[in-house]
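Novice: The structure under discussion is supplied below as structure tokens; questions concerning it will follow.
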Amino acid sequence: MDQQKVFCMTGGSGSTSYAKNSSLQKKASDKVKHIIMDAVESVYLARSTPDSFRIADLGCSSGPNTLSFIKDIFVAIQGIIIHHNIPQPALSELRVYLNDLPTNDFNSIFKALPDFHRSLEEHRNNIIEFDPLVLIGAYPGSFYGRLFPSTSLHFVHSSHCLHWLSRVPAGLYDEQGRPVNKGSIYITGKSPPVVAEAYYKQFQEDFGLFLRSRSEELVVGGRMVLILLGRRGPEHVDRGNSLLWEILRRSFSVLVSEGEVEEEKVDWYDVHFYAACGEEIEEEVRKEGSFELERMEISEIETSGVGKASYGSILAKAIRAIQQSMISAHFGPSILDSLFDTYASLVDQEMAQQAINPINYVLLLRKL
């Protein structure tokens, strides 16, 4: 399966869409908004082209989160101009480049733009004349490679994307092309060592290529803020993100026992995901050499319910909005409801026994 031709967040605005089920990602990003705003201030004050400020949101998806991010940047720049008493006109254009795979539902974003631009009017401060053109465009393609002209960006943002690999690692199959991680969909305690090695090797290739590509596109002194799922230490199996995949594997097993899914189909399904630890991330930044890692923090992901909705049900909807395209392509869409009903129940059962503690890494990098 070609991940780049199939993988996408569920588009539209229906009950299973990413737009309606990305609140967990929004909460996680809001927790570290201060890091983003500090980075924007540093770059904005140091930029050599005062007429425009150019930012990219990589892996923007199709929900409201990317437009909320743009509005935060707009309000932050306005505040910077007031705080530092910068002469007017301080900014003529805010150029925003939205990127995701070609399968992404960009149209949902474009349909929301008229309301978005009206909302920006409400946030203009009467203290100064701040009226830049906010120019928003889409740049479809994989961020594991070049996307933009050389030295064209001041700031790059990517939230909850870089844990997705460009493909399922080739090392998960033997010389005859048979799966070596049978009975699992990610790294587990039963996986042979070659599985973790294959995932790590793919992460090294992908993250290294990402850094090399962005180093060409950012101006000297430009910043990146990257938010990605990870793990705390060297052990791959923990009560964090790896457990959430293990629970999805158990959910498939329930459907196998009920005759809804063939066991062989599960054996051939592996997620193109990797939860890196801090040392692995730091090593790739050091090896690539174009960036200074100014800051790296661990941010715990909220695992509480909302109202009558349990954490299991909220998480199940979020995972479905992310994985629906891949699961439907491999198993067919008919299993989705029963699979994620089972998943929600198993997550809540696990949480009742012991807490689940998934984490994000938040990276602030400066282009050297």
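Novice: Of all residues being among the hydroxyl-bearing types (S, T, Y) and in contact with a Gly (Cβ under 8 Å, 6 or more places away or on another chain) in region 141-175, which is nearest to R223 (Cα to Cα)? Just the residue, please.
Specialist: S158
Novice: Further question: Can you tell me which residue among G278, G259, G208, G240 is surrounded by fewer than 21 Cβ atoms within 10 Å (Cβ to Cβ) and within 18 Å of I327 (Cα to Cα)? First the steps, then the outcome.
Specialist: Values: G278 fails: within 18 Å of I327 (Cα to Cα); G208 fails: within 18 Å of I327 (Cα to Cα); G240 fails: within 18 Å of I327 (Cα to Cα).
One residue alone meets the criteria, G259.
Novice: Considering region 222-237 alone, what residues qualify as being part of a loop (DSSP other than H, G, I, E, B), touching a residue at least 12 places away in the same chain (Cβ under 8 Å) and of a type outside the set (A, V, I, L, M, F, W, C)?
Specialist: Across region 222-237, the qualifying residues are R231, R232, G233, P234, H236.
Novice: Just the residues that are within 18 Å of F106 (Cα to Cα), touching a Phe, Trp or Tyr at 6+ places or on another chain (Cβ under 8 Å) and not polar (S, T, N, Q), please, taken from region 49-70.
Specialist: I55, A56, D57, L58, G59, G63, L67, I70
Novice: How many residues are at pLDDT below 90 and among the charged types (D, E, K, R) when one looks only at region 304-329?
Specialist: Looking only at that region, the number is 1.
Novice: Please work out which residue is most open to solvent (accessible area, probe 1.4 Å), limiting yourself to region 171-189 and to residues that are within 20 Å of Q4 (Cβ to Cβ) and touching a Lys or Arg at 6+ places or on another chain (Cβ under 9 Å).
Specialist: Checked region 171-189; the qualifying residue most open to solvent (accessible area, probe 1.4 Å) is G171.
Novice: Select from region 17-35 the residues that are more than 15 Å from the chain's Cα centre (by Cα) and either aromatic (F, W, Y) or open to solvent by less than 50 Å² (accessible area, probe 1.4 Å) (or both) and list them in ascending order.
Specialist: Those that are more than 15 Å from the chain's Cα centre (by Cα) and either aromatic (F, W, Y) or open to solvent by less than 50 Å² (accessible area, probe 1.4 Å) (or both): S17, I35.
Novice: Select from region 321-360 the residues that are open to solvent by 10 Å² or more (accessible area, probe 1.4 Å) and either closer than 28 Å to R214 by Cα or not in a helix (DSSP H, G or I) (or both) and list them in ascending order.
Specialist: Once the filter is applied, which keeps residues that are open to solvent by 10 Å² or more (accessible area, probe 1.4 Å) and either closer than 28 Å to R214 by Cα or not in a helix (DSSP H, G or I) (or both), region 321-360 yields I322, S325, G332, Q354, A355, N357.
Novice: May I ask you to list the residues in region 262-275 that are open to solvent by 40 Å² or more (accessible area, probe 1.4 Å) and either in contact with a Lys or Arg (Cβ under 7 Å, 6 or more places away or on another chain) or aromatic (F, W, Y) (or both)?
Specialist: Here is the first cut: in region 262-275, the residues open to solvent by 40 Å² or more (accessible area, probe 1.4 Å) are 262-265, 268.
The one that is open to solvent by 40 Å² or more (accessible area, probe 1.4 Å) and either in contact with a Lys or Arg (Cβ under 7 Å, 6 or more places away or on another chain) or aromatic (F, W, Y) (or both): W268.
Novice: Could you list all residues from region 281-297 that are open to solvent by 70 Å² or more (accessible area, probe 1.4 Å) and under 28 Å from V168 (Cβ atoms)?
Specialist: E282, R286, K287
Novice: Here is a follow-up. Six or more apart or on different chains, Cβ under 7 Å: which pairs go from a residue in region 177-202 that's free of Cβ contacts under 8 Å to residues at least 40 places away in the same chain to one that's in a helix (DSSP H, G or I) and open to solvent by less than 20 Å² (accessible area, probe 1.4 Å)? Could you list them?
Specialist: Between residues of region 177-202 that are free of Cβ contacts under 8 Å to residues at least 40 places away in the same chain and residues that are in a helix (DSSP H, G or I) and open to solvent by less than 20 Å² (accessible area, probe 1.4 Å), the close pairs are V180/L172; V180/V195; V195/L172; A198/L172.
Novice: Something else about it: Please find, within region 109-131, the residue that is modelled with the highest pLDDT out of those that are in contact with a helix residue (DSSP H, G or I) (Cβ under 8 Å, 6 or more places away or on another chain) and part of a loop (DSSP other than H, G, I, E, B).
Specialist: F130
The values are calculated or read from the model by the stated rules, or taken from the named source; none is laboratory data. Every value quoted in this text rests on a predicted model; they were computed, and no experiment measured them. For neighbour counting, all protein chains shown are included, and Cβ atoms are generated from backbone atoms with ideal geometry for every residue, glycine included. Accessible surface is based on the protein model in full, side chains and every heavy atom, while ligands, DNA and RNA are left aside. Shrake-Rupley method; radii C 1.70, N 1.55, O 1.52, S 1.80 Å.
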